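Read the structure below first, then the notes.
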Amino acid sequence: MRRRELIEFAGTAFFAWPLVARAQQQDKIVRLGFLGFGTPVAAASRVEALRAGLRDLGYVEGKNLVIEFRWSGTVEQMQKAAAELARMKVDIIFASSSTEVEPARRATNTIPIVFAVHADPVGAGHVSSLARPGGNTTGLAMLQTGLTEKRLELLKETVPRVTRFGVLWDRTAPSYRPFLQAAEVAGGKLGLQLRPVGVSTVADYDGAFATMAQDRVGAVLVHASTQTALNNPRLLAELALKHRLPTMFGVRNNVEAGGLMSYAPDATDLWRRAAVYIDKILKGARPADLPVEQASKYELVINLKTAKALGLTIPPSLLQRADQVIE
């Protein structure tokens, strides 16, 4: 090859290389591990929101994205599923709440983990701080401590004469510890007696409500978790109605299933926004340096049909503040 031809070839190769590199980067297939507690049907709208968020950022299943779904019905099964995803060496693990994050963190300290609706990542010990998570875990979270107090205040405003409240908490979610602590502090401020009852599975719901009713509670605060939100929320609503107990939930779809009221951020929107964290990490950001984003908008949803079935009159001032009233 003559000198002039060699120079022309080198120049062409120099300018073509970034295009080749970019094409190779675009052609890379991302493997996203999905750790789910419950069933695909129960979480369908949230999963679609995550997919939509990823599509908006250029990740299309079957083209440059593969989602490895692993669904579990028990904590033990979820631990095995997390270990399997770690052995597969997926690029990222999506673990929506504290329930799923716990087994994911036990399975790996190197694969990035992204959450979407974590109740209290600091309180559960899953990040060092919101500003500097440290480790391999980050995402979006809700303000568990402040939310618990606000939910109790709203429930107390609904039933002002009630002083004994039941607190249904979920043993499968590590966030139950800061939840119970926050409830105890808020209950003291509001002059309430609390009767906490823990559940581990859906099969425990009936006995838990029977216990609280027997202990003469006048209302119930439910711990927001993957299980209480997605695993048969209609049963929780039916049991509350059966025992004539006004109940405050931490997720909107509990109210859509027949529960009395909820005060919470839009979980579906948070799942969609989790795609941004996945994208940033895939482009080189470290989870340890990505601040945890806190939900900023919270909605009060009231089911008037359920209130009427309970023989309960919702204060007009509360109805005026509601973001949605289901009739």
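The values are calculated or read from the model by the stated rules, or taken from the named source; none is laboratory data. The structure displayed is predicted, hence computed values, not measured ones. Note that each Cβ is placed from the backbone with ideal geometry, even for glycine, and that neighbours are counted across all protein chains shown. Heads up: the accessible areas ignore ligands, DNA and RNA and are worked out on the full protein's heavy atoms, side chains in. Shrake-Rupley method; radii C 1.70, N 1.55, O 1.52, S 1.80 Å.
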Among the strands (runs of 3 or more DSSP E) lying completely within region 41-158, list those that include at least 3 residues that are surrounded by fewer than 19 Cβ atoms within 10 Å (Cβ to Cβ).
65-72
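Here's the yes/no breakdown for (1) farther than 27 Å from residue 113 by Cα; (2) out of contact with any Ser or Thr (no Cβ under 8 Å at 6 or more places or on another chain); (3) at pLDDT below 95; (4) open to solvent by less than 70 Å² (accessible area, probe 1.4 Å):
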residue: 234; (1), (2), (3), (4): yes, yes, no, no
residue: 238; (1), (2), (3), (4): yes, yes, no, no
residue: 251; (1), (2), (3), (4): no, no, yes, yes
residue: 325; (1), (2), (3), (4): yes, yes, no, yes
So residue 169 passes all but one of these: (1) outside any helix (DSSP H, G or I); (2) without any contact (Cβ under 8 Å) to a residue 12 or more places away in the chain. Which condition number does it fail?
(2)
Of all the residues that make up region 224-257, how many are touching a Phe, Trp or Tyr at 6+ places or on another chain (Cβ under 7 Å) and among the hydroxyl-bearing types (Ser, Thr, Tyr)?
1
Say whether the condition of being open to solvent by less than 10 Å² (accessible area, probe 1.4 Å) and part of a loop (DSSP other than H, G, I, E, B) is met by at least one residue in region 198-205.
no
Residue list for region 285-321, restricted to those being open to solvent by 20 Å² or more (accessible area, probe 1.4 Å) and small (Gly, Ala, Ser)
285, 296, 309, 311, 317
Report every pair of residues separated by at least 6 positions or lying on different chains whose Cβ atoms are under 9 Å apart, first residue within region 80-101 and touching a residue at least 60 places away in the same chain (Cβ under 8 Å), second buried (at least 17 other Cβ atoms within 10 Å of the Cβ) and of a type in the set (Asp, Glu).
93/100; 94/100; 95/102; 98/120; 99/170
